[in-house]
Structure formats: C-alpha cells, structure tokens
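Take a look at the structure below.
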Amino acid sequence: MGTAAEQRIALGSIVVDRSEAGARKLGDEYLGEIGRATRGLVSARATREGVELRLARRITLFDFDSPALTAGGDRTACRFEIRGGLLVARPGGSLTITQHTRPTNELIVAVEDYAPRLDPGLGRRGVGGFLYAQLQERAHAAVGRRYLERMTRGRS
C-alpha cells in the first residue's frame with residue numbers, strides 16, 4: 001500500500017473539451033506546471049515508453065507510462081501509471097488529473113498508491129519521513145495548487 005493525496009477545486013465552467021484532446025491537455029498542462037513551478041529545474045521529457053520527470057535534465061525522478069486518456073460522460077481524465085524513478089520505491093500507483101462535470105464541475109489532481117522511496121511509512125521521525133514531508137509532499141501540494149489555480153483562470 002502506498003500514499004495517496006488529492007486536491008480539488010470547483011469550476012465555474014469546464015476547462016477542457018470532453019475529448020481525448022482535452023484529456024491530453026489536462027496532463028500536458030500539469031507537467032508544464034511542474035516546469036514552471038521549479039523554474040525548469042524539473043521538466044517532463046517524452047520517451048517511446050512514456051514520460052519522465054527529470055531533475056536538471058539528467059536524473060529521472062519519476063518514470064511514467066504513456067498517459068491513459070479518458071473522455072466520456074461526465075469525466076475527462078489523464079492518468080499516468082508510475083513505473084519507477086529515483087523518488088519511487090517500487091513501480092505502481094498513479095497520477096490522475098480529472099475534470100468532472102456532474103454533479104458539479106470540478107478539477108481533481110490525485111496521486112494513488114504511490115510508494116515513495118522516502119517512505120513516510122518508515123516513520124516520520126526518521127530522515128526519510130522528514131525529507132518526504134518537508135520536500136516532496138510540499139512540492140506536490142504546491143504544484144497541484146498552482147495548476148488548479150492556473151486552469152480555473154483559463155491561463156493554460
């Protein structure tokens with residue numbers, strides 16, 4: 001079992017079309033927000049197998065499968081399965097960005113079943129738990145907030 005985190009925001013209107021192109025835009029904009037938030041220190045790089053988030057273009061922090069795009073009914077989503085990377089203890093888990101239109105319009109960024117190398121399950125008293133809470137967890141929360149705010153302002 002891994003960690004989970006979710007951020008959501010109500011939308012006045014939908015931010016992307018209910019299509020695979022809209023789902024892809026959700027993911028592309030999230031990855032772009034990581035680059036903007038880190039001033040390019042961490043950036044996304046497309047590979048044949050998927051997408052890597054790289055530190056200084058050299059160190060793979062996260063290795064994702066190609067995005068799974070969903071568009072239909074009241075849900076448009078882009079899901080990245082986690083395969084590996086420096087910050088990953090074991091493959092598995094996912095990052096999903098979803099736009100729901102029912103019962104209300106909302107945008108959600110969710111990480112599910114992610115096993116961090118700096119495992120908070122080892123105890124927050126330890127160095128790994130401390131680093132995870134102070135660095136990685138905070139960075140994810142900050143990027144998520146920035147992304148949600150940018151998307152609701154329509155400045156994607």
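The values are calculated or read from the model by the stated rules, or taken from the named source; none is laboratory data. Just so it is clear, the structure is predicted and the values come from calculations on it, not from any experiment. Backbone-built Cβ (ideal geometry, glycine too); neighbour counts: all protein chains shown.
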Lone qualifier among Arg57, Arg36, Arg75 - being at positive phi and of a type in the set (Lys, Arg): Arg57
Ile9 vs. criteria at pLDDT 95 or above, touching a Leu at 6+ places or on another chain (Cβ under 9 Å) and assigned to a strand (DSSP E or B): no
Qualifying residue in the stretch 142-156 (condition: touching a Lys or Arg at 6+ places or on another chain (Cβ under 7 Å), closer than 19 Å to Gly35 by Cα, polar (S, T, N, Q) and modelled with pLDDT under 75): yes
Hits in the stretch 19-41 - residues which are under 15 Å from Ala71 (Cα atoms) and more than 14 Å from the chain's Cα centre (by Cα): Ser19, Glu20, Ala21, Gly22
From the options Ala71, Ala44, residue that is more than 16 Å from the chain's Cα centre (by Cα) and among the small types (Gly, Ala, Ser): Ala71
